Amino acid sequence: MIFSKLRRKTKKKQEPISLFTTNRKEKVLLEPLKPGVVTIYSCGPTVYDFPHIGNYRPYVISDILVRTLTNAGYGVTHAINITDVGHLVGDGDEGEDKMELGAQKRGKTVPQIALEVEECFKRELKELNIITDKTLFPKATEHIKEQIAFIETLEQKGYTYKISDGIYFDTARFPEYGRLGNRDIEQQQEGARVEVNPEKHSGADFALWKFSPEGETRQQEWDSPWGKGFPGWHIECSAMATKHLGKTIDIHTGGVDHIATHHNNEIAQSEVVTGKQFVRNWLHVEHISIEGNKISKSVGNTVYLRNLIERDISPLSFRYWLLSGHYRTRMNFTWEAVKGAHTALFKIHKYFTEHLLKVQSDTEDATYTKAIRDALRDDLDTPKAIALIWEIIKDDKLTPGKKKATLLVADSLLGLDMQGRDSLFNQKNNVKISVNSLPSDIQDIIQKRDTARKNHEWEVSDTLRDELTKKGYTVIDTKEGTTVEISSQNPQHEEGR
């Protein structure tokens, strides 16, 4: 779970923000439970496999939400869970635990694969310029006691029953079950792709605690009042959200795929335990497709952030591309589209670097900054905000100092790194050199990285790339092999030439 605690003491009056909520199906004015402070819970990754580009859209949007709220004068406490146990292959509680299965496929332990994926997730959040400097990452496995306590309360209130494979929540006891998104339970059961467990009272009932299968050895299991086993996927979010954010959360974000099952399950179990409304505002982010097709590892069309970098496309360009569409609109990823985004963002960086970087910043232009803030405060209208950036760049009536100040305000809200710290936008200052002319220690690192890439050890490869970057060397992967550029500021620049 990430906790982004951006609380700040300020006398500034909070500005109004409107968001489209799934529970109301309309834009509503944000009214935090505690004046001036907003609590946000975002569904996080299951760390059984590395995130693909589609997984990152909700976190980019959550980052825009946090930036917008902070700019409007709110204090923000943001939590994103890390799921490292209990998420089964099927949402209907069928199949194996994804963590156990992921570890088996890679010939590693569950803690090993969980740590690798978590570290990748953290690093790529930073590469996407998502705020993480004041964050914590507690895991579901660190909250087993809280989950057991949650289930015990549900049991005491009569909302659970036991069958051969675990303890289940009885949705019939919660008449409002399925209200989020108007889920049609009967229709969903008829169209289910897998056979419903005949022991369950209803196909909509969901597991709270799963028993360890007899005769099988699991890497993750705990003692509980019901026997040795592990928690179901849904219970972790309720237990952690209420512990760290309170019984009622202001905003809960996630992908639209979570609405029907996961989020309805969260609502039911949380409101039974606390007796209070679980979430005041549900904000859901639409999917992206790739070349018109749903992202699927079985189809083989999965694209990872590292694949963009390998094609000399900055992760910030992917962020820019995401922000060019509204978060409630489906987007279709194509290589041509993201290359176009990379070119557009490069032009912004180039303009800022060449025309404004060394200019003394003046006061911001109030008309433009208000327009950008208003756009984001109106249901996070990022496409409109980006269009305003181009208007500012083309507006010759603005002095360079005022233009710089205005663009920096826009950048603080959109996170496009206009001052150009991204290495992919600084290659014009680099010099290509032969690998053989490099110091032996640098050649050793490059050789280790090439070996890691051949073995598909992406985490090792990325770590070695970062090490080279810190030393002033930029590695570029091409079809012909690895090439190296050395920064003109590198003290070994003359030697490299």
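The values are calculated or read from the model by the stated rules, or taken from the named source; none is laboratory data. The structure presented is a predicted model; accordingly, all values stated were derived computationally and were not measured. Reconstructed Cβ throughout: ideal geometry from the backbone, glycine too, with neighbour counts over all protein chains shown. These area figures cover heavy atoms from the full protein model, side chains too; ligands, DNA and RNA do not enter into them. Shrake-Rupley method; radii C 1.70, N 1.55, O 1.52, S 1.80 Å.
Among the residues examined, Tyr56 does not qualify as at pLDDT 95 or above, assigned to a strand (DSSP E or B), of a type in the set (Phe, Trp, Tyr) and buried (at least 20 other Cβ atoms within 10 Å of the Cβ).
Taking the range 1-42 as the range and being touching a Pro at 6+ places or on another chain (Cβ under 9 Å), at pLDDT below 95 and surrounded by fewer than 22 Cβ atoms within 10 Å (Cβ to Cβ) as the test, the residues that pass are Phe3, Gln14. For the range 325-337, the condition of being among the aliphatic types (A, V, I, L, M), in contact with a helix residue (DSSP H, G or I) (Cβ under 9 Å, 6 or more places away or on another chain) and open to solvent by less than 20 Å² (accessible area, probe 1.4 Å) holds for none of the residues. Restricting the search to strands (runs of 3 or more DSSP E) fully inside the range 72-187 and requiring at least 2 residues that are surrounded by 19 or more Cβ atoms within 10 Å (Cβ to Cβ) and of a type in the set (Gly, Ala, Ser) gives 75-80. Restricting attention to the range 245-286, the residues being among the hydroxyl-bearing types (Ser, Thr, Tyr) and free of Cβ contacts under 8 Å to residues at least 40 places away in the same chain number 2. Of all residues in the range 188-227, those satisfying the criterion of being at pLDDT below 90 and open to solvent by less than 60 Å² (accessible area, probe 1.4 Å) are Gly191, Ala192, Val196, Asn197, Pro213, Arg218. Candidates are the residues of the range 460-497 that are in a loop (DSSP other than H, G, I, E, B) and loosely packed, with under 13 Cβ neighbours inside 10 Å; the one that is modelled with the highest pLDDT is Glu480. If you go through the range 79-121 and keep only what is over 30 Å from Asn197 (Cβ atoms), in contact with a strand residue (DSSP E or B) (Cβ under 9 Å, 6 or more places away or on another chain) and of a type outside the set (A, V, I, L, M), you end up with Glu118, Phe121.
Restricted to the range 391-421, and to residues there that are over 17 Å from Leu128 (Cα atoms), among the acidic types (Asp, Glu) and not in a helix (DSSP H, G or I), the residue that is least open to solvent (accessible area, probe 1.4 Å) is Asp395. For beta carbons closer than 7 Å, sequence separation of 6+ or different chains, a first residue in the range 352-370 that is of a type in the set (Asp, Glu) and a second that is part of a loop (DSSP other than H, G, I, E, B) and surrounded by fewer than 17 Cβ atoms within 10 Å (Cβ to Cβ), the qualifying pairs are Asp362/Thr399.
Taking Asp417, is it within 20 Å of His355 (Cβ to Cβ) and modelled with pLDDT under 95?
Criteria met by Asp417.
Looking only at residues in the range 255-313 that are basic (Lys, Arg) and either modelled with pLDDT of 95 or more or surrounded by 16 or more Cβ atoms within 10 Å (Cβ to Cβ) (or both), which one is farthest from Leu128 (Cα to Cα)? Applying the filter and picking the extreme gives Lys276.
Checking each residue in the range 346-365 for being out of contact with any helix residue (DSSP H, G or I) (no Cβ under 7 Å at 6 or more places or on another chain), part of a loop (DSSP other than H, G, I, E, B) and charged (D, E, K, R) picks out only Lys358.
Every condition in (1) in contact (Cβ under 8 Å) with a residue 60 or more places away in the chain; (2) under 23 Å from Ile61 (Cα atoms); (3) not aromatic (Phe, Trp, Tyr) holds for Leu408 except the one numbered (1). Scanning the range 325-345 for residues that are part of a strand (DSSP E or B) and aliphatic (A, V, I, L, M) yields one hit, Met331. Pick out the one residue from Gln104, Gln112, Gln147 that is in contact (Cβ under 8 Å) with a residue 60 or more places away in the chain and of a type outside the set (Val, Ile, Thr). Matching residue, one of Gln104, Gln112, Gln147: Gln147.
Results for (1) among the hydrophobic types (A, V, I, L, M, F, W, C); (2) within 17 Å of the chain's Cα centre (by Cα); (3) over 30 Å from Ile151 (Cα atoms), shown as yes or no for each residue.
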position: Trp226; (1), (2), (3): yes, no, no
position: Glu236; (1), (2), (3): no, no, no
position: Gly254; (1), (2), (3): no, yes, no
position: Ala268; (1), (2), (3): yes, no, no
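Among the residues of the range 435-459, the ones that are open to solvent by 20 Å² or more (accessible area, probe 1.4 Å), touching a residue at least 12 places away in the same chain (Cβ under 8 Å) and out of contact with any strand residue (DSSP E or B) (no Cβ under 8 Å at 6 or more places or on another chain) come to 5 in all. Residue check: is Leu388 open to solvent by less than 70 Å² (accessible area, probe 1.4 Å) and in a loop (DSSP other than H, G, I, E, B)? Answer is no for this residue.
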